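Presented below is the structure to which this report refers.
The values are calculated or read from the model by the stated rules, or taken from the named source; none is laboratory data. Computed from a predicted model, the values in this text were never measured in an experiment. No Cβ is skipped: glycine too gets one built from the backbone with ideal geometry, and neighbour counts run over all protein chains shown. Accessible surface areas use protein heavy atoms only, side chains included; no ligands, DNA or RNA. Shrake-Rupley method; radii C 1.70, N 1.55, O 1.52, S 1.80 Å.
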Amino acid sequence: MELSFLQPLMALLFLAVPLVWFLPSRPRVMHGVIRTVVLALAILALMQPVLVRSASEQHHAIVLDQSASLLATERDGGVAVAGDLLDRLGTGQSATVVQIGGGEQVLFDADIHWMRSGSGDSSTATDESLLGDGASPLGDALELAAQSIPAGLSGSVMLITDGRSTDRHWGRSLGQLQDRGIPVHTVQLRPHEDPFLVNLQSTTARPGESVRVTVDVVGTGSGFEVVLADADKVLGRAGPFDCESRCPVAIEFEAAQTGFIDITAELRAPGEADVDLANNRLDGVVAVQDPLRVLYVGDRQLGAVDQLGSLLGIGFDLTATTPDSLDGDFSYADYDVVMLDDAPARLLADESQRRLTTAVQDKGVGLLASGGGAAFADGGYHGTPVADVLPVEITGEEEKIDPSVGLAIIIDTSGSMAGTRIELAKQVARIAVRRLQPHDRIGIVEFYGAKHWAVPMQPASNKIEIDRAIGRMKAIGGTILYPAIQEAYYGLKNVNTRYKHILLITDAGVEDSNYERMVRRISKDNINVSTILVGQGGHNLIMSDIANWGQGRFYSVGDQFSLVELILKQPSTRKPPRYKRGFFEVTALGGQGWWGGADPLVPALLGYSEVEARDGAETLLSAGQDPILASWHYGLGRVSALMTEPVGEGTGRWRDWPDYGSFLGRLLARTAADNPPFRLSLKRRRHLVELTAERTTHDAELVPTAELVDARGDALAFPVEFKENAPGLFEATIVLPTEEAARLEVTAGAPRSNQTVQRIALPAASDIANETQVDPVKALDLERLAERTGGVHLASVGGTPPSGPVGDWLAGNQGELSYVVTRLWPLLLLLALATYLGELLYRRWPRGARP
């Protein structure tokens, strides 16, 4: 027996007890004694004293797995282990047996809780928990075992199983055992080795696309075959194949229509290799999304809409219109991708073009611009809103291209430059500035013992102010060149121009320094350094060396008659695109994720528009150096450009290409909006289904609605109510029988509206496996469980009960709760209150009659 205090620091309040004898005034002796006792009792109560004494009784729980996943010899071995443990119970020890499954209840001299798994006579069970057929939930069994150990008694749990629980809901029970300090001792039994299927997964798809179904075969053997079927027909098969321990299998089939498809995977094996046929099937549900909504804009190609519809198939909902019918109020956001096919810009109003580019940038709508001369060559898109978002450059008439240049001029204004030299330097600087265009950048650094930005780096548009700054320079001070070169270098380094140049103007009367290292570093950053020697003719070694190191030129200006014209850039011209006819081989360049596997073998083209890809665009198809198909991201959307007509003159040879339809479909699907309104997830815990919808946009008015449907798509009478638990995060809990599959349709509006429908599904009892189809990878790790709870782990071999420390389990390792704790502080509070009431009674007692 031991007295302990939960709040021992409260004992510091005893230092205040003497104050009752002095405050508020010195009391009588009897009053002081009573007040001292009241305060002392209150302080003792605040210290929360408890009386701890050892518990003499112990209670143990044995969880005995007798489910169908075990070999018969292993079940018998588990019974022998449990019986041996019960025989070792001593005085003051009791036990409870929790039996999982089995054809009949095992008879022990103990309280037995039989968790039947669909077999046996329920009348023999003292406390039964009816489960579904073939279920062995270890989490429920451990929770029942923990509840059978009364609070205040020491004990332990003996888990005798193969660890293959039909569900993984054991987190709560393990938390209870750890909180109570109850050790779990484990005996590992061996499961049967019959081959079976686990882990059926499927991808979502649109009509006409391939659905990929994967399933794992667990077992060893040869001649296995997996057949995938729906209610009407076989969808695909894999095999025959050999398997060693575990084999993943993938089967693909084409989704025929929108909605949900119930599928079944069946394992077929030679008779001698498969004893139990009940574990050879797995059910699943495939969610097939709505077709991709395509707006086709164009009317130049005769019959293009019908041909495209035939090529693309049922996975695309094609809506055709003409460019001149799109008014300023047209909503492009109602479509996943817009296809401009050989549509001249003159037929598409500027306001419609701006609304289209806004839908691409802000709403994530995809844009595919295709066609020949009408779209890219003579279509007039140069300078239009659509041209700004395309991944290719569209030009108009032949134009002159003037590349930008950044120029930093360093002028020596030391005393040695006085007279004609400083004037020559100013004239040279003015000539250089005069050649610059407004989109160029200019900055002037002067040095005269110190460095100074006479003209900070700026656009060369205000040449009057720059000329005035040059005119204000005077020749004074000393000559220190090195810091001025550094300053000009740092000024040009972050300037975004096509060319960069440093022009040094001096009389060469400069200090000695390590110019070579600095100038070579500048040249490495693509900045040229040229030098001009003023005031003296001929050659100067240091100036020519600096120009040579900087990949520039050296000039000598002796007087005003030898001034030089500096060429800092070379303008060029650009031709407008033209439509080329002929026979052109096409090369697929392999964009990441575009073609799904190997690059397609694309037939030759008969015609295309000659353009140039923009910087940052991804070229996917090319003819020689010319891009045929290019794409890039623009805002939230993607824009692709196909420089030929999909069903016109240029693709005449493509119409006999067997993969042309899938090529076009993949191009449209990759270009289309890939951000649905919500990111959906679905989890199941027995009869509770949790649906989570996370908003993918910043539109706060976008709220999801959902309804539960059956296999035909008809609504079921199960309410789905979302609750926004965080900004943009909506969650709903649905009560659904475990034997029902969860099929949900989610929209960003009222159910059955014209909004985008997102589908998600889980098969019936997706969180509960068949007793003989538990994935070994997902089994309960018995050794780790024993280690984390302070127990012992042993393995059974061939049905033989483990020996050794089994008998010692009852003697030690019985958990932390081997004590009975009695709280004393409530009693002390009651005594303090009674004493205080007694003190009040004593003060009001007549003085002559006081005891």
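General observations
- Along principal axes, Cα extents of the range 137-204, largest first, whole Å: 52, 31, 14
- For Thr692, the accessible surface of its heavy atoms amounts to roughly 30 Å² (probe 1.4 Å, protein chains only, rounded to the nearest 10).
- Exceeding the 31 Å Cα-Cα cut-off - candidates Lys363/Lys778; Lys233/Lys363; Lys426/Lys569: Lys363/Lys778; Lys233/Lys363
- Given charges at Cβ of Lys, Arg, Asp, Glu: the chain dipole, positive-most of Ala418, Gly791, Ala732: Ala418
- Take every Cα pair under 8 Å whose residues are at least 6 apart in sequence, average their separation, divide by the length of the range 666-782, and the relative contact order is 24 percent.
- Oblate is the label for the chain, because the ratio a/c of its alpha-carbon gyration tensor axes (a ≥ b ≥ c) is 1.5 or higher and a/b is not greater than b/c.
- Charge tally in the Cβ shell below 11 Å around Asp230, where Lys, Arg are +1 and Asp, Glu are -1, Asp230 excluded: -2
- Lys pairs under 20 Å by Cα in the range 445-500, provided they are eight or more residues apart or on distinct chains: 4
- Exposure ranking of Ser562, Ser352 by accessible area [1.4 Å probe, largest first]: Ser562, Ser352
- Heavy-atom accessible area, probed at 1.4 angstrom with all protein chains present, ranks Met457, Met10, Met47 as Met10, Met457, Met47, highest first.
- The heavy atoms of Met473 present about 10 square angstrom of accessible area, all protein chains included, probe 1.4 Å.
- FRET efficiency estimate (nearest 0.05) - Cβ-Cβ, Leu107 to Arg788, R0 56 angstrom: 0.95
- Rounded to the nearest 20 debye, the dipole size of the chain about its Cα centre is 4960 debye, using +1 on the Cβ of Lys and Arg and -1 on the Cβ of Asp and Glu.
- Selection from Tyr381, Gly259, Ala61 lying farthest towards where the dipole of the chain points positive, charges on Cβ: Tyr381
- Protein heavy-atom accessible surface, 1.4 Å probe, per residue over the chain: 48 Å².
- Protein accessible area in the range 606-691, 1.4 Å probe - carbon and sulfur %: 44
- Normalised contact order of the chain, rounded percent, pairs of Cα under 8 Å and 6 or more residues apart: 16
- The packing ranking, built from the mean of other Cβ atoms within 10 Å per residue, places the peptides 670-681, 696-707, 182-193 in the order 182-193, 670-681, 696-707, highest first.
- Coupling constants for the range 185-200 follow from the phi torsions by the Karplus curve (6.51 cos²θ - 1.76 cosθ + 1.60, θ = phi - 60°), and in residue order they are 8, 10, 10, 7, 9, 9, x, 6, 10, 5, x, 7, 9, 9, 6, 7 Hz; glycine and proline get x.
- Couplings 3J(HN,Hα) of the range 221-227, computed from phi: x, 9, x, 6, 9, 10, 10 Hz, in residue order, whole Hz [Karplus 6.51 cos²θ - 1.76 cosθ + 1.60, θ = phi - 60°; x for Gly and Pro].
- Bridges between two residues of the chain, per DSSP, are antiparallel at a rate of about 60%.
- Less than 5 angstrom separates the built amide H of Arg246 from those of Gly219, all sequence-distant by 5 or more or on a different chain.
- Solvent exposure of His633, expressed as accessible area, is near 120 Å², computed with a probe of 1.4 Å over the protein chains only.
- MRE, 222 nm, helices only [DSSP H, n ≥ 4, -39500 (n - 2.57), over the chain, to nearest 500]: -6500 deg cm²/dmol
- Heavy-atom accessible area ranking, 1.4 Å probe, most first, across Val33, Val445: Val33, Val445
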